Every structure is written in structure tokens, then in C-alpha cells.
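Asker: Take a look at this one; I'll ask things after.
The values are calculated or read from the model by the stated rules, or taken from the named source; none is laboratory data. Predicted model, so just to flag it, every value in this text is computed and none were measured. Cβ placement follows ideal geometry from the backbone for every residue including glycine, while neighbour counts extend to all protein chains displayed.
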Amino acid sequence: MKNIILMNFFLLMLFACGTESSSDFIDTNIEIKNQYYVDASGGSDSNSGNSPESAWKTLYKVSSFTFSPGDKLFFKSGEVWNGQLKLKGSGNDGSPIILDQYGEGGKPIINGGGATTNSGATLLLKNIQFWEINNLELTNTNGNSNYQGDLWAILGQLDEAGGIEAKHIYIRDCYIHDVNGKVATKTTGGIYMTAFGNDPSRYNDLRIENNIIDNVGGLGIANQSSYASITSNSRYPSLNIIIRGNIISNTGRNNMIIRASDGAIVEHNTLINSSRYDTGHSVFCFNTIGVKIQFNEAYGNKGPGDMDRGGFDADYNSKNTLIQYNYSHDNQWGFGIMKRAVNENVVIRYNISENDDTAIYFFGFNNRTGMTKALIYNNTHFIKAGIKLSVFGSGGAARTAFNTDFYNNIFYFEEPGSNWGQIGSMVNFSNNCFYNISPKGENYTTSNPLFVNPNEGISDIEWSQYPNILTGYQLKQNSPLIGIGKIIDNNGGKDFWGNPLYNDNPDIGAFEYPN
């Protein structure tokens, strides 16, 4: 009896001593029934799988097993598997199923190999919920540079009869790269979460965090649904989506698309070299309500054609979209509003745009007038010498600024020569700063803002260093823009750097000089 008590105490202490990795404690031959290990070189599918010494071997074995709430599945670090992993079974509230790595070395690698059978995904999440997926390296290509079929690294599928609300799916700290060839579709790519089928399904509590996604054909991260339209009575949007802390680069089309969701949050992502094989915004929302896009950086979205090559965009049927505290630079343009269908209450505030070189703002087509009033205020735009642009772009078709209020913005050009582009009806300007470009509206200033040190050419912001970022765009103490802005209700309460906004007149631009 004494020996049993000592052993139980030892196990309790072993699990209580947490370290950075959820699997660092694995250094024992003790079998634990709800934990499963996979070792490509040293395992066997005839083993129990319940300890590193009795690990399974193949993806086939894992894919044929139905997991239960509270189970843990560990792949051995540094090992390589080829084929598809299809996860079966679901956790429940308070007892998710955890997938992670164990042992020393790099992330476990699963190569999909470019096979289009079995849904074409390296990792398939079909009609499951309460899973947390961590620390995998995933690829899916046969090495051909051309289109290889509909391929993904991670594909979520909800198509269960009767419908399903899939809760608590977390994808974290994965490295996804080399998926498909030179593909410009908007339905393939890195992580693609779908809700199709004859009956409405959706995600609730979907988190995609701290992943690195590079060199994928199609999209970096996206979702889609058969029940998406905000004008349809059958709409069934996904809820509580958070896409945070990802680095997405070199995508065939958009870095990210948010569709068919209410209240999604997109923050602290770095979006690089979007849309290499066709035009597309770095990130946009489509058929959404209340999406918040904040604290992101987007750059390098350049290429043939200038129709859709911006950093941040409130696109088709985007209602109550908030784009704030972002950094767009070295794209063909900065921010877009598609004046199509039900684009209501779009707010773009306290962002910084640096050297977006074809246009700063990009509106929808002239024959689409569904957009109601948009509000764009307290943004800082800096254009260096040598760039000549139209503030309002017209790529791909005739486009005209429409039904938008511009307040408290800085439009700073190091040298004259740029123009405004097409300005349509119901566009109002007040309390803006125009430097080296013709002024618009009322209560404007043409004074030099007196930035601290602009145009530093900063890329790849470390958001962990916030608010000590991009401080060159703060105003000097003697700036003429301090305290001459227009008071805006419901202004979010803070500037780009987190400084509080006061009840009196704000400063012009993205910086509020502290009192």
C-alpha cells in the first residue's frame, strides 16, 4: 500500500511540473491509457500506442482510431510521415483532444505528397470538434510547379446530416509550406475551414494562432460556408473566430479571407507578398458582420494588374467592419471598401500607410452603390519622394470614392505631383492635413506635421514590442496638428500606440500627443 501511495505521489508531481512544451514530461515507459504516441522510425502499429516505447508507427493507424474526450496524441519530433492524417472522434467542453509533438528536435513533418484523393488535404478535420492541434509541419505538393488539383495543408469540413456546430477547434504553432504549385484559386491553400452540406453547419470558437504559412498555392488562411449571405434568411454564420499572430507569406492569391462569420477578430498577423499569381487583397472580409481587423502588418502586395492589390479591405456584404491600428506599406494600395451590396458602417481609423505606391484608397465599381456611409479618420499616410499616385485608385475598372467621410487624416507627400483620382457624391473632408497635395473640404491645414522620424522602412514588426513600434510617425511636441482635429464619437478610446484619447479636440493623424 505504501508503494502504491509513493507511486501516485510521484506521478502527480511529474504532471504538476509544467514546462514550455506540453510533452516535456514524457521520459518514461509508463503507459497512460488516454495518451497515444506515434514514431515513424521506431514505432509499430501492433503496439498499444500508450507510451513512447510502445508507440504506433503510421498515419493509417492514427486515422483509423476514434479518439475520445481528454485524449492526447503525440507525434515524435524530427520524424517524417507521408500521406494524409484524418482525425476521428471529438472532445467535449472542458476535455478537448490535444495533438502535439514529443521529444527533442524539429516539428513532426507530414507530407501530403500532392495527392488529391481523400479530400486533398494533408490534415483533414471532418465533422469533429474540441480539438487542439499544435506544432506540426505540413506540406502538400508533388513538386510540380503547376496546378496539382485541389490541395490544402489543413482542411476543415462540416457537412454532417442535420448540421453541426463545431466548437473549440484550435490550430497553433504549425509550420505550413509548399502546398500545390503556382495556383491563384480562392478555394485551396494553407488552412481552409468549410461548412458545406445540405444542412446548416458552422464553427464556434475557432482559433488559428501563431502559425507560419509560406509558399502556398491559393490562400493562406480562409473559411467558407454554404449559408453565408447576410441578406439570406438561411444565413448561419460562424462565431468567435480569432486569427492571431500568424506570419503568412508568398501566397498564390490572398494571404487571408474571412467569410460567413460574425464578430471575427483578425489581429497581430504579418501578411507578406500576397497574390503572386493573380490580384487579391492581403486580407479582406466577405459576407460578414462585425469583423475587427487590428494590429496587423501587410506589405509586398505587388504584381501585374492593380485591380485588387491592397493591404486591408472591407469587401462584399461587409457590415460593421472595423479596420484599426494596422500598418500597410509597400503595397500597390492601402485600404479598400467595395461599395457593393450591404456594405454598412465601415470604419477605418488610426492606421498607418507608408509608401503604398499606386493608390491609398480603393473603392468598388461605379455601378455598385450599395455602400452606406463609411467613416475614415485619424489615419496617417506617408508617401516618399519618387512615388506619384492617385489617392483614390481606379484599377481594373472605373472606380470612384463614394459616400465616405474623411476626418483628421494626414496625407503627407514628400514632393508634389500626386492627385486625388475620382471623387464622387457624398464624400466629405474635414480637419485633415494635406502636405504637398491639393487640400479638400473644410478646416484643413497644409502645415508640415513635424513627424519624429518618418519613412524608416520598417518591416516585420514584433508586436510583442508594442507600443514601441513605428514611433517615427508620432508628432513632435511643437507639431501644428496637436489639438485641432474634429471630435469623433465612439472613437475607440486610444490612438495607434495606445495613448488615451481625450474629451476635447483630438490631434490630426494616428498619434495623440499625451497630455
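Asker: Confirm whether Gly393 is within 30 Å of Gly303 (Cα to Cα) and touching a residue at least 60 places away in the same chain (Cβ under 8 Å).
Answerer: yes
Asker: Within the stretch 404-416, take every residue that is part of a strand (DSSP E or B) and in contact with a Pro (Cβ under 7 Å, 6 or more places away or on another chain) and give me the one that is surrounded by the fewest Cβ atoms within 10 Å (Cβ to Cβ).
Answerer: Tyr412
Matching residues to (1) outside the structural domain of Tyr444 (by the TED database); (2) over 21 Å from Asn409 (Cβ atoms); (3) at pLDDT 90 or above:
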position: Pro304; (1), (2), (3): no, yes, no
position: Arg349; (1), (2), (3): no, no, yes
position: Ser353; (1), (2), (3): no, no, yes
position: Phe363; (1), (2), (3): no, no, no
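Every residue, every condition in (1) under 27 Å from Ser459 (Cα atoms); (2) surrounded by fewer than 24 Cβ atoms within 10 Å (Cβ to Cβ); (3) under 10 Å from the mean Cα position of the chain (by Cα), yes or no:
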| residue | (1), (2), (3) |
| --- | --- |
| Val216 | yes, no, no |
| Ile230 | no, yes, no |
| Asn233 | no, yes, no |
| Tyr236 | no, yes, no |
| Asn269 | yes, no, yes |
| Ser274 | yes, no, no |
| Asp278 | yes, yes, no |
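Asker: Can you find even one residue in the stretch 245-254 that is among the charged types (D, E, K, R) and closer than 20 Å to Ile461 by Cα?
Answerer: Scanning the stretch 245-254 turns up no residue that is among the charged types (D, E, K, R) and closer than 20 Å to Ile461 by Cα.
Asker: Among the residues in the stretch 322-329, are any without any contact (Cβ under 8 Å) to a residue 60 or more places away in the chain and more than 17 Å from the chain's Cα centre (by Cα)?
Answerer: no
Asker: A further question on this structure: Inside the stretch 161-212, counting only strands (runs of 3 or more DSSP E) that do not spill past its ends, which hold 2 or more residues that are in contact with a Pro (Cβ under 9 Å, 6 or more places away or on another chain)?
Answerer: In the stretch 161-212, the matching strands (runs of 3 or more DSSP E) lie at 165-172.
Asker: Could I ask something else about it? Suppose we filter Gly441, Gly424 for residues that are within 19 Å of Ile360 (Cα to Cα) and at pLDDT below 95; which single one remains?
Answerer: Checking each option against the conditions leaves just Gly424.
Asker: Specify which of the listed residues (Ser41, Ser48, Ser90) is within 17 Å of Lys126 (Cβ to Cβ), assigned by the TED database to the domain that holds Glu137 and in a loop (DSSP other than H, G, I, E, B).
Answerer: The unique qualifying residue is Ser90.
Asker: So, one more: Checking Gly252 against (1) touching a Phe, Trp or Tyr at 6+ places or on another chain (Cβ under 6 Å); (2) assigned by the TED database to the domain that holds Gly336, only one condition comes out false. Which one?
Answerer: Of everything listed in (1) touching a Phe, Trp or Tyr at 6+ places or on another chain (Cβ under 6 Å); (2) assigned by the TED database to the domain that holds Gly336, Gly252 misses just condition (2).
Asker: Next question. Can we say Asp495 is out of contact with any Ser or Thr (no Cβ under 9 Å at 6 or more places or on another chain) and within 21 Å of Ile360 (Cβ to Cβ)?
Answerer: Yes: the conditions hold for Asp495.
Asker: Could you grab me the full set of residues in the stretch 146-160 that are part of a strand (DSSP E or B) and aliphatic (A, V, I, L, M)?
Answerer: Ala153, Ile154, Leu155, Leu158, listed by residue number.
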